[in-house]
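Note sheet for the following structure.
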Amino acid sequence: MAEVPEHIGPYRILCKVGEGGMGVVYKAEDSRLGRVVALKLIREFDGDDSRRRRFWQEARAAAQVAHPNACQIYDIAEEQDRLVLVMEFIEGESLARRVERGSLPAQEAGQIALALLSALDAFHKIGIVHRDLKPSNIVLSNGGTKLLDFGIAKHVPLNSHEETMATLGDATAPGIFLGTPKYASPEQFRGRPVDARSDLFSLGVILYEMLTGKTPFPGETFGEMAHAVLQGSPPALSGSPAIAAMGRIVHRALSREPQDRYASAEAMAADLRATLQMDGIEEKARAQPLRRIIVLPFRMLRPSEDIQFLAYINAAHQVVS
């Protein structure tokens, strides 16, 4: 929309607060209830009725969850053939802005991650996967950490029969990548079905970034990021025993195959809570690139008594090989 409208239905527009791939977000006042809300106008569906129906279904499912660490959806409406999400308006600083100033102490990063895991657990239990976890979708407010934007959330099956039906009737269109590459899971890059463990991978990326101030999978282009996620290994986290334990949690969350990650947000949270009780958790983490030493065979270029013994070691190595 080129101009900021004065009203959308019963909502008086106060200002535009953001715009993304899915639509534009306004701060507005509900004239009936006298409360400030956020309105998200979803972009056109290009005549795709099935996509519109899926969005309605998934928005309704997300609206079922009321959690203190998740932005509440109040209503879903239509205005001039556009879908409008009416949501809780949250004031605060985005986690993206906070990370721009540098890494967080492990204790603070862990508490933020626990709040997010608590919200994800509530959604995962009713089959809702966020699919676009990233620091800009997380707000650090006076009321605590809040997870925003279930704009591309997906309702996933909770049993095998439903899985068959969902795969046949609700597949993502070929060539369309849903999510943010920097925080996406391997299965998103591969175009495979996602479940709760995909969100846990994305949270692992966010936790790593909070702890180090850097992304575990660097890349400037989509191809570079895809290669890093599908082929690379993030640097290990070092520091106190508590930091090392948190590093193990992060690396398990970042496992390339879903079955190697935590089975649920609740399981990951349990390990994280235990780590936050350990000594040394107040420290900041350091990222240590993995180094490997490779010993290659060699031959003596000139005789020398000082290094003659190496020839015997080399010969013995070749015999064993």
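The values are calculated or read from the model by the stated rules, or taken from the named source; none is laboratory data. Worth saying up front: this structure is predicted, and the values here are computed from it rather than measured. Heads up, the Cβs are rebuilt from the backbone with ideal geometry, glycines too, and the neighbour counts pull from every protein chain shown.
Being of a type outside the set (S, T, N, Q) and touching a strand residue (DSSP E or B) at 6+ places or on another chain (Cβ under 6 Å) narrows it down to one residue among Ala184, Ala236, Ala226; which is it? Don't jump to the end; show me each part of the working.
Values: Ala184 fails: touching a strand residue (DSSP E or B) at 6+ places or on another chain (Cβ under 6 Å); Ala226 fails: touching a strand residue (DSSP E or B) at 6+ places or on another chain (Cβ under 6 Å).
Step by step, each of Ala184, Ala236, Ala226 is checked, and only Ala236 is of a type outside the set (S, T, N, Q) and touching a strand residue (DSSP E or B) at 6+ places or on another chain (Cβ under 6 Å).
Conditions tested, residue by residue: (1) in the same structural domain as Gly213 (by TED's automatic domain parsing); (2) assigned to a strand (DSSP E or B); (3) buried (at least 18 other Cβ atoms within 10 Å of the Cβ); (4) over 14 Å from the mean Cα position of the chain (by Cα).
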position: Ala62; (1), (2), (3), (4): no, no, yes, yes
position: Val65; (1), (2), (3), (4): no, no, no, yes
position: Glu78; (1), (2), (3), (4): no, yes, no, yes
position: Leu83; (1), (2), (3), (4): no, yes, yes, yes
position: Gln107; (1), (2), (3), (4): yes, no, no, yes
position: Ile112; (1), (2), (3), (4): yes, no, yes, no
position: Ala115; (1), (2), (3), (4): yes, no, yes, no
position: Arg131; (1), (2), (3), (4): yes, no, yes, no
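Condition check: over 23 Å from Leu117 (Cβ atoms) and not aromatic (Phe, Trp, Tyr). Does Arg82 satisfy that? Please lay out each step first, then the result.
Details: over 23 Å from Leu117 (Cβ atoms): yes; not aromatic (Phe, Trp, Tyr): yes.
Against the criterion (over 23 Å from Leu117 (Cβ atoms) and not aromatic (Phe, Trp, Tyr)), Arg82 qualifies.
With the structure loaded, tell me whether Gly175 is of a type in the set (Gly, Ala, Ser), at pLDDT below 90, assigned to a loop (DSSP other than H, G, I, E, B) and surrounded by fewer than 18 Cβ atoms within 10 Å (Cβ to Cβ) or whether it fails that test.
Values: of a type in the set (Gly, Ala, Ser): yes; at pLDDT below 90: yes; assigned to a loop (DSSP other than H, G, I, E, B): yes; surrounded by fewer than 18 Cβ atoms within 10 Å (Cβ to Cβ): yes.
Spelling it out, Gly175 is indeed of a type in the set (Gly, Ala, Ser), at pLDDT below 90, assigned to a loop (DSSP other than H, G, I, E, B) and surrounded by fewer than 18 Cβ atoms within 10 Å (Cβ to Cβ).
What pairs can you find where one residue is in region 250-270 and in a helix (DSSP H, G or I), the other is of a type in the set (Asp, Glu), and their Cβ atoms are less than 6 Å apart, with a gap of 6+ or different chains?
Matching pairs, first to second residue: Ala265/Asp121; Glu266/Asp121.
Find all pairs meeting these conditions: Cβ atoms under 7 angstrom apart; at least six residues apart or on different chains; first residue within region 103-118 and touching a residue at least 40 places away in the same chain (Cβ under 8 Å); second residue part of a helix (DSSP H, G or I) and among the polar types (S, T, N, Q).
Ser103/Thr212; Gly110/Thr275
Mind counting the residues in region 205-243 that are more than 18 Å from the chain's Cα centre (by Cα) and hydrophobic (A, V, I, L, M, F, W, C)?
Looking only at that region, the number is 4.
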